[in-house]
1. To the nearest 10 degrees, how steep is helix 16-28 against the longest Cα principal axis of the chain, on a 0 to 90 scale?
2. Students often get this wrong, so try it: which of (1) 192; (2) 127; (3) 177 is volume of the Cα convex hull per residue in Å³ as calculated from the structure shown?
3. Quick one: net charge around Arg40, please, counting Lys, Arg +1 and Asp, Glu -1 for every other residue with C-beta under 11 Å from its C-beta.
4. So, with +1 on the Cβ of K and R and -1 on the Cβ of D and E, and no other charges, what is the size of the charge dipole of the chain about its Cα centre, to the nearest 20 debye?
5. Using a Förster distance of 35 angstrom, determine the FRET efficiency expected from the C-beta separation of Asn98 and Leu59, and round it to 0.05.
6. Once you keep just the Cα pairs under 8 angstrom separated by 6 or more residues, what percentage relative contact order results for the chain?
7. Send over a whole-number figure in Å² for the accessible area per residue of region 22-115, probe 1.4 Å.
8. If the reach is capped at under 17 angstrom between alpha carbons, list the aspartates and glutamates near Lys17, excluding any in the same chain fewer than eight residues apart.
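The values are calculated or read from the model by the stated rules, or taken from the named source; none is laboratory data. Please read all numbers here as calculations on a predicted model, not as lab measurements. Here the Cβ is made from the backbone with ideal geometry for all residues, glycine too, and neighbour counts use every protein chain on show. Areas reflect the complete protein model, heavy atoms only, side chains present, ligands, DNA and RNA absent. Shrake-Rupley method; radii C 1.70, N 1.55, O 1.52, S 1.80 Å.
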Amino acid sequence: MSKNIITTNDKTSTNRKTKREAAQRFLDNLQNINFPHSKRIYLTGYHYNTQVPMREIQLSPTLIGGTKDKPLFAENEAIPIYDTSGAYGDPDITVDINVGLKKCRKYWILDRNDT
């Protein structure tokens, strides 16, 4: 069972103190998400200071022929997909909910000069 899941039994489910303690344990143990066969990459957005999070997924080789004893495979290129996991998907970022998220859009907003 993942250590990020809050579990309670029927006796304590109505106990607010127990729920708060479980929620605090969850927050104290937040970890970044790791996905197999992929890595976090960033593409530069249309604004010079904006980075778009992507996940580059390494695909399995494709069987293209050969025999049962000696199959022939072709390697596939990794594909980038948009990564919606936020800071939790980046292994290089320390997650601290008390500090909050980096203001990654700050300069983009300031450069618009419309606020």
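1. 40 degrees
2. Entry (1).
3. Residues near Arg40 contribute -2 overall.
4. 600 debye
5. Using R0 = 35 Å, I get an efficiency of 0.35.
6. Relative contact order comes out at 21 percent.
7. Dividing the accessible area of region 22-115 by its residue count gives 82 Å².
8. Asp28
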